[in-house]
1. Taking the Cα centre of the chain as origin, sum charge times position over the Cβ atoms of Lys and Arg (+1) and Asp and Glu (-1), and report the length of that vector in debye to the nearest 20.
2. Do any trypsin sites (Lys or Arg not before Pro) in region 1-83 lie in a DSSP loop with no more than 15 other beta carbon atoms within 10 Å, and if so, which?
3. Nothing charged except the Cβ atoms of Lys and Arg (+1) and of Asp and Glu (-1): what's the magnitude of the dipole of region 41-95 about its Cα centre? Round to the nearest 20 debye.
4. In terms of solvent-accessible area of protein heavy atoms at a 1.4 angstrom probe, what is the ranking of Ile8, Ile19, highest value first?
5. Using amide H atoms built 1.01 Å from N in the peptide plane, name the residues 5+ places from Thr83, or on other chains, whose amide H lies under 5 Å from its own.
6. Which three numbers, in whole Å and largest first, are the semi-axes of the equivalent ellipsoid of region 26-95 derived from its Cα gyration tensor as √(5λ)?
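The values are calculated or read from the model by the stated rules, or taken from the named source; none is laboratory data. Not measured: the values here are computed from a predicted model. Every residue, glycine as well, gets a Cβ built from its backbone with ideal geometry; the counts of neighbours run over all protein chains shown. Quick note on the areas: whole protein, heavy atoms, side chains included, nothing else; ligands and nucleic acids left out. Shrake-Rupley method; radii C 1.70, N 1.55, O 1.52, S 1.80 Å.
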Amino acid sequence: MAVDRSDIAKLAKLARIQITDEAADEAAKSISDVLALVDQLQAVNTDGVLPMAHPLDAVQRLRADVVTEPNQRAAFQAIAPATQDGLYLVPQVIE
């Protein structure tokens, strides 16, 4: 599938962007190259090839879900300008 300048012009109009003729030609060539590569990939015979969930089948090591920091909420709220019932109060910004 080839993309030409008129296709890029239609897309630019739909996207409400302005594009020069040189940029449209360059974009059309780039998109055509990508579509040619996709066609080439689709032509490969993949019969009997099992799909992979991940190319490396790696397992991510996870750390234990353990609390490592002490609760300092009271200390942090003591220096806050305004708090109420354990919450920080901020000025209203939307009327």
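1. That gives a dipole near 340 debye.
2. Those that pass, being in a loop and sparsely packed, are Arg16, Arg61, Arg63.
3. Values: 3 positive and 6 negative charges, 42 e Å.
Value, rounded to 20: 200 debye.
4. Largest to smallest exposure gives the sequence Ile19, Ile8.
5. It is Leu89, by chain and number.
6. Numbers: eigenvalues 627, 147, 19 Å².
Equivalent ellipsoid of region 26-95: 56, 27, 10 Å, largest first.
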